[in-house]
Every structure is written in C-alpha cells, then in structure tokens.
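Some notes on the structure that comes next.
The values are calculated or read from the model by the stated rules, or taken from the named source; none is laboratory data. Bear in mind the structure is a predicted one, so any value in this text is a computation, not a measurement. We place every Cβ from the backbone using ideal geometry, glycine too, and count neighbours over all the protein chains shown.
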Amino acid sequence: MKVAVYDLYWSTYGGGEQVDAAIAECLARAGHSVTLLGPHPVDVEMMRRRLGRDLSGCDYRQVRDDDEASAASADVDLFINGTYLSTAVNRARWGMYYVHFPEVPATRRQRTTQMVAAAGYRMLAGRSQLPPALSGVRDGLARRRRDVRWVQSYTTVCANSGYTAQWVERLWPCAAEVLYPPVEPIVGRAVSERSGIVSVGRFFDRRFGHCKKQDVLLDAFCSIEADGADDIALSLVGGADGQSRDYVLGLRRAAVGHNIDVRVNVTRDEVIDRLSAAALFWHAGGIGEDSARHPDRFEHFGIAVVEAMSAGCVPMVFGAAGPAEIVRDGVDGIHWRTTDELTEATRSLLADPHRLEQMSIAARERARRYSIDEFDAALRAVVSRLS
C-alpha cells in the first residue's frame, strides 16, 4: 500500500515522534511505500541517533498544517495521523489515528456540558422528523457539543495505553484499540554493581501543566537522608527549555548539601549510563493531581519507565495511569500513593538485596512486552484488519 505517516513535530524527537517513526519504519520494512508528512524534511541520521529508528526507506512530502495533511491523505491508501491534538480529516481509503492523549476541556463543567450535549444531540439527530421545539433543542445541543466529527473519517483509532483509551472513549464518539509504544531496551549492569536512585523525565514547571514532580522526589529523598541513609544518591535527569528555567534552578538550590545530582539536557549516552548504574527508578507523574479535572497531567504511558526496567532498575511509580499498567505492583516494581509509602518501600528494598535482585530480573522480563518486535506484530495486525 501507499502509506503516509503525519507528524508536525518530527524535529522534537519526543515520545510521540518515537512511536510515529517506529510505525513508518515497520511498515516500510514490511514492503509498503511510506511517505513522511511534516513541515520540514526528516533528518534520517539524527532520527537514527536520537531515537534509534531507521527511516532511510521512507519518502518525504511537506505539509505545514492539518489542512495540508488532509489534502495529502487523498493521494495514499492508508493515512496514519500521529500528530498530537491534530484534527486533520482523513481522505484516504483507510485511516488510522494514533492518540497520545485527546484534548481535554479546561474545566469539569465544560467537559460535562460537552458530553451531555453530545449524547443529547446523537439521540435527537437519529430521529427522521422532529417537531419545531425539539429541532431547536437539537440545534442548541449541536452548538454546545465538542465537534469531533473528524474522528469518524478514520477507520480505526489506536491509543498508547489503556488509560488513554478510556479517555478517548469518554471524549470522542469512538472506541480505541491499545497499541503500546515500542521501547528500545537498555543493557544494564548486574544488580550487585548497582547503587542509588534515578529519575528520568523532562523538567516542566508546574505552571505549564504536565510536571513530572521532581520536586516531590527531591523532598522524599531528603527525608531518607535525614534518617541516616547517607550512602545512596539520587539523580534527576531530563531535558528542559527556557520556560522551566526557574523550576530547574529551584531544584538545584534545594539539592545543595544533599547527595542529589540534577542533570539537564544531557546526551542520550549519559541517560543510558545513569539507568544502567541505578538500582531504583523513581517516577512521580500524577501525584497531587485530580484525574477527573486534569487527566492529561498524569503519565499517559511511560517510555522512561520501560527503559529503566529494561536496564534492570526496579521501578517505583505513582500508582495511576500509564505506569500502573506497565508495572505490576510487588512483582516487577512498586506502586505508591504517598511519599511516605515511597520512602518506606525504598528503605525496605534497599535493605533486602535478594528481593531487589528478583524484582530487577522480573522488570527486565516485563520490559520485553514493549519491544519493537511486539510492536511490529501488533501494528501489522491492525493494518491487516484495515485492508
């Protein structure tokens, strides 16, 4: 088939781009003719270095927005939209929308109004004839509903986790099939050679929404230090831009005098080194948030969690959303809900080398569930059902 994979943000090399590049690579390797759609030519060599994906077998066509992508979709057999918050209409024979997370209205009242309006409109729109009074009600509901009719142009919708799929089904008039992202494995050291704790995640100031809550982890680690554990260290690793400068500086000031290292915008090799050397992986995304009001502020999947597990780190994650699907509590990692639970579980694991080793082995095994081979097989199954 002629396939187009649309991503407006190829050059950011983020988690969404990692998935979209894997989709393109897998389908090109399967013999399909794949064209990458985006505003700028994809740097194949940088894509290989940053994300480990080989797109040398793909063509490129420039599209600068959803309208141009929609027009381009008419020239292919299968249009795959992986652009975050895109509303492009599919005009190909088949369409697949890969959802990283659907757009969420700002307030609970807005969400409730839109969902009620959508349900009422669907009920009234299904009637062939309506009296004038109900016609007015139908038109009023149509104005208040969230216009997601473009979703119906796609043959199938795939979500990056069960958590995301649940919100797709609540916000859009469709069901979503879970297609977990592929994660490149990391070969870590033996458990006996590991020490300390690492957390990997982008540094976002809380004012800008999806904060990874590194400040919460820093405070939790300081409480462990205060109890006399001066032989372990915490590494906070991630990228940051100018908007989050004050947040990062605050973390660095708070880390002074503690065995805490805040590493910003480091190379991929350093991230791998840190994951390879750590015994535990901490993740706090979602703590302190209301899932009913701000579901987008939780971790939608958790690529860094899987990377850490593949390296042999035992993950200790806030027990909600994507990470709670990945990590099986007490088997290959730990779920926690309060920082007291996190610190207590950390002390317990570090004091029990045998349990730590068993969970590390289980974590590596669990990470294989999210390999590129598993993703390739699942993606091919989706595409075969379309055609």
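Numbers below:
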read-out: Matching residues in the stretch 1-14 - criterion: being part of a helix (DSSP H, G or I) and surrounded by 20 or more Cβ atoms within 10 Å (Cβ to Cβ); value: Trp10
read-out: Qualifying residue in the stretch 251-268 (condition: at positive phi and modelled with pLDDT under 90); value: yes
read-out: Residue that is modelled with the lowest pLDDT, among those in the stretch 269-295 that are within 19 Å of the chain's Cα centre (by Cα), within 22 Å of Ser223 (Cβ to Cβ) and hydrophobic (A, V, I, L, M, F, W, C); value: Ile287
read-out: Residue match in the stretch 91-105 (condition: on the phi < 0 side of the Ramachandran plot and modelled with pLDDT under 80); value: yes
read-out: Enumeration of residues in the stretch 51-64 that are touching a strand residue (DSSP E or B) at 6+ places or on another chain (Cβ under 9 Å), assigned to a loop (DSSP other than H, G, I, E, B) and over 18 Å from Gly14 (Cβ atoms); value: Gly57, Cys58, Val63, Arg64
read-out: Test: residue in the stretch 75-84 that is modelled with pLDDT of 95 or more, in a loop (DSSP other than H, G, I, E, B) and among the polar types (S, T, N, Q); value: yes
read-out: The stretch 260-282, subset assigned to a loop (DSSP other than H, G, I, E, B) and either in contact with a Gly (Cβ under 9 Å, 6 or more places away or on another chain) or hydrophobic (A, V, I, L, M, F, W, C) (or both), residue surrounded by the most Cβ atoms within 10 Å (Cβ to Cβ); value: Ala278
read-out: Enumeration of residues in the stretch 311-333 that are surrounded by 23 or more Cβ atoms within 10 Å (Cβ to Cβ), outside any loop (DSSP other than H, G, I, E, B) and not aromatic (Phe, Trp, Tyr); value: Val314, Pro315, Met316, Val317, Ala321, Gly322, Pro323, Ile326, Gly333
read-out: Meets criteria (without any contact (Cβ under 8 Å) to a residue 12 or more places away in the chain, assigned by TED's automatic domain parsing to the domain that holds Val382 and either surrounded by fewer than 19 Cβ atoms within 10 Å (Cβ to Cβ) or not in a helix (DSSP H, G or I) (or both)) for Arg48; value: yes
read-out: Neighbours by Cβ (under 8 Å, 6+ apart or cross-chain): first from the stretch 166-178, more than 14 Å from Tyr97 (Cα to Cα) and crowded, with 16+ Cβ neighbours inside 10 Å; second modelled with pLDDT under 95 and not β-branched (Val, Ile, Thr); value: Trp167/Phe101; Trp167/Pro102; Trp167/Pro295; Leu171/Pro102; Leu171/Glu103; Leu171/Arg111; Leu171/Met115; Leu171/Arg146
read-out: Criterion (touching a helix residue (DSSP H, G or I) at 6+ places or on another chain (Cβ under 6 Å), farther than 29 Å from Ala321 by Cα and touching a residue at least 24 places away in the same chain (Cβ under 8 Å)) met by exactly one of Val76, Val42; value: Val42
read-out: Check on Val248, surrounded by 16 or more Cβ atoms within 10 Å (Cβ to Cβ) and among the β-branched types (Val, Ile, Thr); value: yes
read-out: Any hit, the stretch 338-345, residues being closer than 25 Å to Ile272 by Cβ, assigned by TED's automatic domain parsing to the domain that holds Gly196 and touching a residue at least 40 places away in the same chain (Cβ under 8 Å); value: yes
read-out: Residue in the stretch 362-373 that is within 30 Å of Val99 (Cβ to Cβ), surrounded by 15 or more Cβ atoms within 10 Å (Cβ to Cβ), modelled with pLDDT of 95 or more and more than 21 Å from the chain's Cα centre (by Cα) present; value: yes
read-out: One residue from Gly257, Gly285 being surrounded by 21 or more Cβ atoms within 10 Å (Cβ to Cβ) and in a loop (DSSP other than H, G, I, E, B); value: Gly285
